[in-house]
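Data first, discussion second: the structure below is written as structure tokens.
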Amino acid sequence: MTQDPISAATSVDDRLMLPFDETVRVRRSYRDFLAEPLPNAVIREVLLDAQHAPSNCNTQPWNMHIVSGAKRDDLSKALHEANVAGRLTPDFSWDEGGFEGRYDERRREQGAIYYRNLGVARDDRESRAKASGVNFSFFNAPHVALLFMPVVGDSVRVAGDLGMYGQTFLLALAARGLGGVPQTVLGLYAQTVRDVLGVSQDLKLLYGISFGYPDEAASANRVRMGRDELARSVTFHS
Ligand SMILES: Cc1cc2nc3c(=O)[nH]c(=O)nc-3n(C[C@H](O)[C@H](O)[C@H](O)COP(=O)(O)O)c2cc1C
């Protein structure tokens, strides 16, 4: 945790970025990556972009831990062990079954598309568990970001700020032809992550983002999730 190769990295001229409309449409959740790590200077530029995210009263409550190299491997091993042992220690609940109506329809559709692409049958619990386990290998990404936050009241506003930050981080990656995948599942093992990284108890883990160079040829990256029509999400008043 003491090493900081990222801040020390000299800046890179990475102005050759995608325009906004392309960036926002090209971004998607990648679930397979090349082993080659990103240059520290590039990670720094992405983090500098993410730092511009808005937050309630400009509190900037995000506490970002970037994990690479041997520490990444240690964390992956600890998470796999915790997963196999069923040692869940979430800081925040995740009630997957709590969605109703169209939210539940979308959730089910995402699961169906995801597992169909992997060739896993709906009732094949063992294969589904194996497929889900790849989350703890960070989908082979060389880097994983863990997004921690302080507890303030019921934490909903702070979590909103971390969502803003995470999306800015993901778009900063996408604009450079890089990729990431947000992972709530990493947050379900918050204490394991805190222990491996030496993070204090007062910081709570909301989610992680595995990131790197996406493996565009990988079958796991064939999936494109659609979006509902505007009228089902937006109501206009005048
Ligand atoms: C906060 C958050 C947490 C997520 N957690 C996971 C996760 O744990 N594992 C995973 O494979 N995908 C996860 N996803 C990715 C979603 O499944 C994905 O964003 C959604 O299906 C839309 O697809 P797209 O990102 O490719 O557009 C998460 C997304 C968000 C925003």
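At q = 0.11, 0.12, 0.22 Å⁻¹, what is the base-10 log of I(q)/I(0) for segment 33-175 according to the Debye formula with one equal point scatterer per Cα and no solvent? Please give it to two decimals. Log10 I(q)/I(0), no solvent term: -0.57, -0.68, -1.40. By the beta-carbon count within 10 Å of each Cβ, the least crowded to most crowded order of Asp195, Asp154, fewest first, is Asp154, Asp195. Sites listed here are GluC sites (Glu not before Pro) in segment 72-113 whose DSSP assignment is loop and whose Cβ has at most 11 other Cβ atoms within 10 Å: Glu100.
Computed from the coordinates by the stated procedures, all read-outs in this text should not be read as laboratory data. The model shown is predicted, which means the values in this text are computed figures rather than measured ones. As a convention, Cβ positions derive from the backbone with ideal geometry for all residues, glycine included, and neighbour counts pool all protein chains shown.
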